[in-house]
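First comes the structure, then the notes that go with it.
The values are calculated or read from the model by the stated rules, or taken from the named source; none is laboratory data. Everything quoted here is computed from the prediction, not taken from an experiment. Methodologically, a virtual Cβ is constructed for each residue, glycine included, from the backbone with ideal geometry; neighbour enumeration extends over all protein chains shown. Note: accessible area is taken over every heavy atom of the protein model, side chains too, but ligands, DNA and RNA are not part of it. Shrake-Rupley method; radii C 1.70, N 1.55, O 1.52, S 1.80 Å.
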Amino acid sequence: VYYDVEEPSQFKLGKSVVTNFIKTFLTEMENAGYFAGLYMSRSPLENYVSADIQKRYALWIAEYNSKCYYKGPGMMGMWQYTSKGKIKNASISDIFDFNYGYIDYPSLIISGGFNGYPKKEKVKGDLDNDGKVTSKDASIALDFAAKLNTPTADDISRGDMDGDGKITSKDAKEILKKAAKLK
């Protein structure tokens, strides 16, 4: 469920009010068991939504350009790049919004137990949420340890094998041992 914020009258209320609207709606959706995100144009997102909300929720950003210039602290999971898309089919003459997706949301929704799916038990060391510990998970841990990617709190809860509150190369080694069934 994405909350669509694009009315200029909302933006006139200011950043803190817009942020509160968003936080209230998305929190209620999550409390009801839905995967929740925010849909907005880039400029209002950067100007009227707090950094903590941008980081906390899935972002679907509209910017009709050759690329999206979002520079905020969040991660853009989808980009709506045009509202004038045409489908190459003689029987369809309407125009459509076209989007790029960068995150496998169906897998996140299913593995997270959102939208009516049963919540799966988290497996220690399973960083790709496929229910098993493999060398791929160790590779993900190494990316976190090298600071190539930033782990979420959920990643840390599954990937911090030694309990020090972070994912390090030591954790990656333990994950690899588990994957090889050495531990």
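Have a look at PHE11, ALA153, ILE167 and report the one farthest towards the positive end of the charge dipole of the chain, computed about the Cα centre with Cβ charges (Lys/Arg +1, Asp/Glu -1).
ILE167
Roughly how tilted is helix 15-31, in degrees to the nearest 10 and between 0 and 90, from the longest Cα axis of the chain?
60
Under 12 Å Cα-Cα from LYS15, which aspartates and glutamates qualify once same-chain neighbours fewer than 8 residues away are excluded?
Cross-link targets: GLU46.
Mind jotting down the three principal axis lengths of the chain based on Cα atoms? Whole angstrom, largest first.
Extents along the principal axes: 58, 46, 33 Å.
Quick one: give the max-minus-min coordinate of the C-alpha atoms of the stretch 35-138 along each principal axis, largest first, in Å.
Per principal axis, max minus min of the Cα coordinates gives 48, 40, 28 Å.
Within the chain, what percent of beta bridges assigned by DSSP are antiparallel, to the nearest 5?
Percent antiparallel among DSSP bridges in the chain is about 35.
Taking every pair of distinct Cα atoms and averaging 1/r, then inverting, what Kirkwood hydrodynamic radius in Å comes out for the stretch 1-74?
12.4
How high is the relative contact order of the stretch 128-179, in percent, with contacts defined as C-alpha pairs under 8 Å that are six or more residues apart?
46
Principal axes first, then extents: for the Cα atoms of the stretch 79-120, list largest minus smallest coordinate on each axis, whole Å, largest first.
Over the stretch 79-120, Cα extents along the principal axes are 44, 21, 12 Å.
Given the rule -39500 (n - 2.57) for each run of at least 4 DSSP H residues, summed and divided by the residues of the chain, what is its mean residue ellipticity at 222 nm, to the nearest 500 deg cm²/dmol?
-11000 deg cm²/dmol
On a 24 Å Cα-Cα criterion, which of the cross-link pairs LYS124/LYS181; LYS71/LYS173; LYS120/LYS181; LYS147/LYS170 come out too long?
Check vs 24 Å cut-off fails for LYS71/LYS173.
Ignoring GluC sites (Glu not before Pro) that are buried or in helix or strand per DSSP, and keeping those with at most 14 other beta carbon atoms within 10 Å, what is the longest stretch of the chain between them?
My reading of the result: 7-120 is the longest stretch.
If you roll a 1.4 Å probe over the stretch 18-118 with all protein chains in place, what percent of the accessible area is carbon or sulfur?
55
Which FRET efficiency value, to the nearest 0.05, do you get for ALA153 and VAL1 by plugging their Cβ-Cβ distance into 1/(1 + (r/R0)^6) with R0 = 22 Å?
According to the calculation, E is roughly 0.55.
Identify all aspartates and glutamates with a Cα-Cα distance to LYS132 below 17 Å; exclude those on the same chain that are fewer than 8 residues away in sequence.
GLU121, ASP154, ASP155, ASP160, ASP171, GLU174
Which whole-angstrom value gives the distance between the alpha carbon centres of the stretch 27-91 and the stretch 109-158?
23
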